[in-house]
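S.K.: Pasting in a structure now, in structure tokens, and then I'll have a few things to ask.
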Amino acid sequence: MLSDRRQRVLAALIEEYISHALPVGSRTLVENYRLGVSSATVRNELSVLEDAGYIKQPHTSAGRIPTDFGYRAFVDDLLGSYVTEEDLDEDSRRAARALKDSALELDDLMDRTTSALARLTECLSIVLPPQTLSLSVRQITLVALSARRVMIVVVTEEGQVLDRQVECPCEVSPDEVHAVQETLNALIVDKQPDDIPHHIDEEQFPDHLTRLLIRETLRLVEEGSAGRAHQEGLKALVRQPEFAQAQALMPVLEVLEDDTILLRILHDVDSDGNTTVRIGSENGAASLAGVSVVAGRYGRGHSEGIVAVIGPTRMNYAQVIKAVRTAQSALGDTDA
């Protein structure tokens, strides 16, 4: 736990770095921020923060920049001051109402919301429509590819074939895989969307392998059912100094252009209405180590959609979180 003074120094350094994308020195912090301490004290606090992994020096004799760990501490403190979207200020509420009033239909509202997010954040903005299990499933087959790898194959009534490989945490036998296959077919095949569970808990399915494969199967079907993703702001993302070099930008673009990967990135967004923030390495993909994802769900029950902003880890988190929550408010009371 950081002391109040170190939190202030860290916050000042991050705010300065967000504004200028340049390493920050102690003199800049003393001159531009009212920290109430001497230059020597600031230098000492920066040294402590660096030793603890919150900041780093990109080059010898250069100033410091935040690490993912430092951003996480900053964002956690920031999120603590925004409990739910109901805490939005009047300007944000007014903006949400204006979006609702100007839209002709839900699809138009999602387009307008995506555009507004891109303008406000200067990052890539995405609105995923409410996803229900609209595909009718004819058959589910589980294939044991190895002792720890299982392939899920879903065949829909429309003839669409969906598949995914799942890495199991421990070795599984063909009999165990077959038993889960029977459970899955009884749970999903020929069922109406409202009859299919969307949340799998331990009490209902105490076996970890069963829960894992059910969740992955539901995700696979949801992704196959997903409507058109509304995206805007890719040009703004490309203009960020972090992505000035093609070798830094191309891996990010390859991931973002793959709808399946994008859906997986956004699938684990909190379902309680709060905002999820994943920073750099927290995204789980090496190609996304230089970006942060701020996302939240809108709607209720089986008709939930997702609104998200993807930008450099140096994004203005306060502004982006507020923008995402405004978008959640604008989209939240719509009929899917």
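S.K.: Pairs needed: first member in region 273-290, of a type in the set (D, E, K, R); second member anywhere, open to solvent by 40 Å² or more (accessible area, probe 1.4 Å); C-beta distance under 8 Å; at least 6 residues apart or different chains.
M.R.: GLU282/ASP68; GLU282/ARG72
S.K.: Right, next: For region 278-336, which positions are among the hydroxyl-bearing types (Ser, Thr, Tyr) and at pLDDT below 85?
M.R.: At the first step, the residues of region 278-336 found to be among the hydroxyl-bearing types (Ser, Thr, Tyr) are 281, 287, 292, 298, 303, 313, 317, 326, 329, 334.
Within region 278-336, SER287, SER303, THR334 qualify.
S.K.: Could I ask something else about it? Collect the residues in region 144-171 that are more than 12 Å from LEU213 (Cα to Cα), part of a loop (DSSP other than H, G, I, E, B) and hydrophobic (A, V, I, L, M, F, W, C), keeping them in residue-number order.
M.R.: LEU145, ALA147, CYS170
S.K.: Cβ-Cβ distance below 6 Å, separation of 6 or more or different chains: which pairs start in region 170-183 with a residue that is free of Cβ contacts under 8 Å to residues at least 40 places away in the same chain and end on one that is charged (D, E, K, R) and surrounded by fewer than 17 Cβ atoms within 10 Å (Cβ to Cβ)?
M.R.: GLU171/ARG148
S.K.: If the requirement is being among the aliphatic types (A, V, I, L, M) and touching a strand residue (DSSP E or B) at 6+ places or on another chain (Cβ under 8 Å), which of these qualifies: VAL9, VAL48, VAL24? Walk me through how you get there before you give the answer.
M.R.: Details: VAL9 fails: touching a strand residue (DSSP E or B) at 6+ places or on another chain (Cβ under 8 Å); VAL48 fails: touching a strand residue (DSSP E or B) at 6+ places or on another chain (Cβ under 8 Å).
Residue meeting the stated conditions: VAL24.
S.K.: Now for a separate question. Report, ordered by the first and then the second residue, all pairs with beta carbons closer than 6 Å, sequence separation of six or more or different chains, a first member in region 14-35 that is within 21 Å of THR60 (Cα to Cα), and a second member that is surrounded by fewer than 18 Cβ atoms within 10 Å (Cβ to Cβ) and among the hydrophobic types (A, V, I, L, M, F, W, C).
M.R.: Pairs that qualify, where the first residue is within 21 Å of THR60 (Cα to Cα) and the partner is surrounded by fewer than 18 Cβ atoms within 10 Å (Cβ to Cβ) and among the hydrophobic types (A, V, I, L, M, F, W, C), are PRO23/ALA62.
S.K.: Further, regarding this structure: On the basis of being under 30 Å from SER329 (Cα atoms), surrounded by 15 or more Cβ atoms within 10 Å (Cβ to Cβ) and among the aliphatic types (A, V, I, L, M), does ALA52 make the cut? Walk me through it before giving the result.
M.R.: Working: under 30 Å from SER329 (Cα atoms): no; surrounded by 15 or more Cβ atoms within 10 Å (Cβ to Cβ): yes; among the aliphatic types (A, V, I, L, M): yes.
It is false that ALA52 is under 30 Å from SER329 (Cα atoms), surrounded by 15 or more Cβ atoms within 10 Å (Cβ to Cβ) and among the aliphatic types (A, V, I, L, M).
S.K.: Now for a separate question. On the basis of being touching an Asp or Glu at 6+ places or on another chain (Cβ under 8 Å), closer than 27 Å to ASP108 by Cβ, of a type in the set (Gly, Ala, Ser) and open to solvent by 10 Å² or more (accessible area, probe 1.4 Å), does SER329 make the cut?
M.R.: Working: touching an Asp or Glu at 6+ places or on another chain (Cβ under 8 Å): yes; closer than 27 Å to ASP108 by Cβ: yes; of a type in the set (Gly, Ala, Ser): yes; open to solvent by 10 Å² or more (accessible area, probe 1.4 Å): yes.
For SER329, the condition - touching an Asp or Glu at 6+ places or on another chain (Cβ under 8 Å), closer than 27 Å to ASP108 by Cβ, of a type in the set (Gly, Ala, Ser) and open to solvent by 10 Å² or more (accessible area, probe 1.4 Å) - is met.
S.K.: In region 95-143, what residues are assigned to a loop (DSSP other than H, G, I, E, B), open to solvent by 40 Å² or more (accessible area, probe 1.4 Å) and at pLDDT 90 or above?
M.R.: Result: GLU122, single match.
S.K.: If I filter region 79-92 for residues that are among the hydrophobic types (A, V, I, L, M, F, W, C), touching a residue at least 40 places away in the same chain (Cβ under 8 Å) and not in a loop (DSSP other than H, G, I, E, B), do I get at least one hit?
M.R.: Taking every residue of region 79-92 in turn, at least one turns out to be among the hydrophobic types (A, V, I, L, M, F, W, C), touching a residue at least 40 places away in the same chain (Cβ under 8 Å) and not in a loop (DSSP other than H, G, I, E, B).
S.K.: Then there's this: Output the residues belonging to region 162-173 that are more than 16 Å from GLU222 (Cβ to Cβ), open to solvent by 30 Å² or more (accessible area, probe 1.4 Å) and in contact with a strand residue (DSSP E or B) (Cβ under 7 Å, 6 or more places away or on another chain).
M.R.: To start, the set of residues in region 162-173 that are more than 16 Å from GLU222 (Cβ to Cβ) comprises 165, 167-173.
When the remaining residues are screened for being open to solvent by 30 Å² or more (accessible area, probe 1.4 Å), the result is 165, 167, 169-171, 173.
Passing the criteria: GLN165, GLU167.
S.K.: On the given criteria, is ALA73 at pLDDT below 85, open to solvent by less than 60 Å² (accessible area, probe 1.4 Å) and among the aliphatic types (A, V, I, L, M)? Full working, then the answer.
M.R.: On the way: at pLDDT below 85: no; open to solvent by less than 60 Å² (accessible area, probe 1.4 Å): yes; among the aliphatic types (A, V, I, L, M): yes.
No; evaluated as a whole, the condition is false for this residue.
The values are calculated or read from the model by the stated rules, or taken from the named source; none is laboratory data. Only a predicted model underlies this, so the values are computations on that prediction, with no experimental measurement involved. Backbone-built Cβ (ideal geometry, glycine too); neighbour counts: all protein chains shown. Heads up: the accessible areas ignore ligands, DNA and RNA and are worked out on the full protein's heavy atoms, side chains in. Shrake-Rupley method; radii C 1.70, N 1.55, O 1.52, S 1.80 Å.
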